[in-house]
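A quick write-up on the structure given underneath.
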Amino acid sequence: MSMQQNSSASTIVSQASTVDAGEVAKFSKLSAEWWDPNGKMAPLHKINPLRLGYIRDAACRKFERNVRSLNCLGGLRVLDIGCGAGLLCEPLSRLGAQVIGIDPSTSNIAAAKLHADKGHLSIDYRCTTVEEVDPRERFDIVLAMEVVEHVTDVGVFLSRCAAMLKPNGLMVVSTLNRNWKSFALAIVGAEYVLRWLPRGTHEWNKFVTPDELAKYLLDNRLVITEQTGVVYSPFADRWSLSSDMDVNYMVVAEGMV
């Protein structure tokens, strides 16, 4: 498959890719700040422990592991799609998982490799797209965390993700609901009022409703087994799981028997 390189965004995109080069360019500009908990990626640092715990707990239930074990994900092969500079890859690796992190941004992957080397972590980082991963590769867990709202075709993207799952595999997706509440909080509030994120980070019309996501997954013979909302408390200055899925939410999906 022929490859094209967008030099201005340091982005690798194949002709058949669902990657939006413009979206990647936004995050490529932030590559030097990914690991700064007080910088522009501060919101991601705050939500990261919650995401990690949700993935860990779901995996331990699925694969019958002791969640309290420091090696609870040992032997499991995990693919983190759109891994950025590795904020999820590193703690998953420390829990024993064999982690493959992919991202189409060369600068993000460079930052990820540098940080992993400093921490003496063995993580397989690849500057590539989900469509370019060897179709023969299979994973116990596939992660698409804050990714589907940035791709050009959600259905095609999730189809490729589903194809890489082992028969007994697990997929975890986190994204943003599409309604007026999410527009007010995730766009106006987060980008313009609180300035948590650079303006233009998200496009509201690319947000995905839970019903839409469930249908996309079902089309690929994946059924949602768990789902939760993720809400922010300004008073406690922390994120927590919630039944409220109006804005941020996460789902766990498994293959149909």
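The values are calculated or read from the model by the stated rules, or taken from the named source; none is laboratory data. Predicted model only: the values in this text are computed from it and were never measured. Reconstructed Cβ throughout: ideal geometry from the backbone, glycine too, with neighbour counts over all protein chains shown. Note: accessible area is taken over every heavy atom of the protein model, side chains too, but ligands, DNA and RNA are not part of it. Shrake-Rupley method; radii C 1.70, N 1.55, O 1.52, S 1.80 Å.
Here are some notes:
- Qualifying residue in the stretch 154-166 (condition: part of a helix (DSSP H, G or I), polar (S, T, N, Q) and open to solvent by 10 Å² or more (accessible area, probe 1.4 Å)): yes
- Residue in the stretch 82-96 that is open to solvent by less than 30 Å² (accessible area, probe 1.4 Å), assigned to a helix (DSSP H, G or I), within 29 Å of residue 152 (Cα to Cα) and touching an Asp or Glu at 6+ places or on another chain (Cβ under 8 Å) present: yes
- Test: residue in the stretch 39-48 that is open to solvent by 70 Å² or more (accessible area, probe 1.4 Å), at pLDDT below 95 and part of a loop (DSSP other than H, G, I, E, B): yes
- Residue within the stretch 231-240 that is in contact with an Asp or Glu (Cβ under 9 Å, 6 or more places away or on another chain), touching a residue at least 12 places away in the same chain (Cβ under 8 Å) and assigned to a strand (DSSP E or B) present: yes
- Selected residue (only one of 124, 134, 140 is modelled with pLDDT under 95, of a type in the set (D, E, K, R) and either surrounded by 21 or more Cβ atoms within 10 Å (Cβ to Cβ) or at negative phi (or both)): 134
- Residue list for the stretch 231-257, restricted to those being closer than 16 Å to residue 62 by Cα and open to solvent by less than 60 Å² (accessible area, probe 1.4 Å): 251, 252, 253, 254, 255
- Residue identified as modelled with pLDDT of 95 or more and farther than 22 Å from residue 166 by Cβ among 96, 101, 86: 86
- Subset of the stretch 214-230 (residues that are on the phi < 0 side of the Ramachandran plot and either outside any strand (DSSP E or B) or open to solvent by less than 40 Å² (accessible area, probe 1.4 Å) (or both)): 214, 215, 216, 217, 218, 219, 220, 222, 228, 229, 230
- Residue match in the stretch 99-110 (condition: surrounded by 18 or more Cβ atoms within 10 Å (Cβ to Cβ), under 13 Å from the mean Cα position of the chain (by Cα), outside any helix (DSSP H, G or I) and of a type in the set (Gly, Ala, Ser)): yes
- When residues of the stretch 1-38 are limited to those that are crowded, with 20+ Cβ neighbours inside 10 Å and among the small types (Gly, Ala, Ser), the one modelled with the lowest pLDDT: 9
- Summed over the stretch 167-213, residues that are assigned to a loop (DSSP other than H, G, I, E, B) and either exposed (fewer than 14 other Cβ atoms within 10 Å of the Cβ) or modelled with pLDDT of 65 or more (or both) total 12.
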